[in-house]
Each structure stands twice: as C-alpha cells, then as structure tokens.
1. Label-point separation (nm) for Thr167 and Tyr65, each offset 7 Å from Cα along Cα-to-Cβ?
2. Using R₀ = 30 Å, calculate the FRET efficiency as 1/(1 + (r/R₀)^6) where r is the Cβ-Cβ separation of Asn221 and Ser156; round to 0.05.
3. Between Phe36 and Asp205, what's the calculated FRET efficiency when r is the beta-carbon distance and R0 is 41 Å? Round to 0.05.
4. Can you compute 3J(HN,Hα) from phi for each residue in segment 39-52, using the Karplus curve 6.51 cos²θ - 1.76 cosθ + 1.60 with θ = phi - 60°, rounded to whole Hz and x for Gly and Pro?
5. Give the cross-link partners of Lys151 among the lysines, using a straight C-alpha distance below 27 Å as the criterion and excluding same-chain residues fewer than 8 apart.
Amino acid sequence: MTAGDNGYMVIETSNVGTALQPNQPNPLSPVIPVNFKPTDSLVDPNRPVIYLTDNTNRRIYAVNYKTLTVSFIQVDLPPERMAFANNELYVTLMQRGNQNSLSQESTGKVGIIDANSFNLTKEIPLNMIPDDIAIEGGNIYIAAYTKDGIKINSFSCSTGQIVDKTTQISEAYTSNVNLNNSHLYYPGERLLDSQGFPRLIVSGDKLYLIEEDLYSRSILNVYVYNVTNSIWSFS
C-alpha cells in the first residue's frame, strides 16, 4: 500500500441557486449540473454527498446536494467502480490501454480516498484490471475478467496485503472465446472476448459473484462462496 501522490482536489461552486436548509427538502430545487456521463455513483452514508466517477476525464467527483458544490479529484488512471466503508471511499482505477483481448495482460489499482478531506491517501497496486469492488469485514474484494476466468482477490483494508484469491471459470467467456468475430465493445474503451461482466456482493458469510450480460445487464450466472475468517470456499 503506497501513498497516492497523483490525485489532487478541485472545488467548483455550481451556480444553481441557494443551498437548501437542513431537513427542509425542496422538490422544486434546481438540478446540479455535472456535464459528463457518470461511470458509477454512490451515496455517502454519513454526509449529503453523492460520489461519481468519470472514466473519460479521469476524475472522481463529490457532489454536495445541500451546499450545491461540486468537487473532484484528478487521478492518473480511469476510475470506475466504488465502495464505501469506515469513512473511506474505495475506487477502482484501470489501465486498459489498447487491448483487444483478455489474453493481453493489464494492471490497475484501488484508490482510497479519505471522506473527511476528500483526498486520495493510499493506493493498492493490482496485477489485473478491477471490474468490480466490494468491502466487508475489513477486507476489499476485487473481481476481474482475465484469460483464465474471473479472478476474485481479497485484500486487507488496513495493510493492503492479499488475504485470499480464487479463479472462477466463466461460462460466458468459454462459450465465446473460440467464436469468430466474438469481440464485443466494452464501455471503458476495451474489447472483450466475452459477453459477461462480473459484479460482487458480500454479505455476512456469503460472497456472491454475479455474471451479467454486458449490454442487457441480464444475469447469466451466480456463483456463491462461503466466507469464514476472510477465507472463502465455493458453496
């Protein structure tokens, strides 16, 4: 786990009217403009803030819907998925490059942002592109499509060290990899050999790996793991 020195914060005040008073919601209040298409969104459980990722411009936004201000952090890699725990925002950062297949190796990072200061404080380097992220029980769970299947790795939130890992064979990937013209356009400027896309849900002693269709978002497969003392086994 290394200090993140590539992120900096910029605060923009949107000219959208007077800030709302606490506990007095106004259904006619103006929209807060952000002028980009968010890649992911997440509501802060402790503050009147919505976090947004912008992978095109490599920015992570904090939109305060009470003060009507918009802040952003500029990062060195495109940010996508987010999770929140212990007053910290965890963001996947992806190095996609110009790959046209999962057989080409890529890397990424998890950026950790202090919610109080909205500063990038730490980064965890990864040897894969993180497609989704979840936080549970002091651990970070990462899912990623690779040429070997869907990799799931867990890391300690406090140390950044890997705790456990496994690879789930993807039925969607193996059913398409040998077909001609099977490459599909992926929203983050990448072509995939598969129609699938992984999502993670961790709840208590269960880890759910949900494989969605890339375009329709219909569920292709659900894989369930039992989690015991941060170590998981296929259910």
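1. For Thr167 paired with Tyr65, the spin-label model returns 4.3 nm.
2. The formula returns an efficiency of 0.60 here.
3. For Phe36 and Asp205, the calculated efficiency is 0.60.
4. 7, 8, 9, 7, 9, 5, x, 10, 9, x, 10, 10, 8, 9
5. Qualifying lysines at Cα under 27 Å: Lys109, Lys122, Lys165, Lys206.
Every read-out reported here was derived from the displayed coordinates using simple, explicitly stated rules and does not represent laboratory data. Because the structure is predicted, anything quoted here is derived from the model rather than measured. Because the Cβ atoms are built from the backbone with ideal geometry, glycine has one as well, and the counts that use them run over all protein chains shown.
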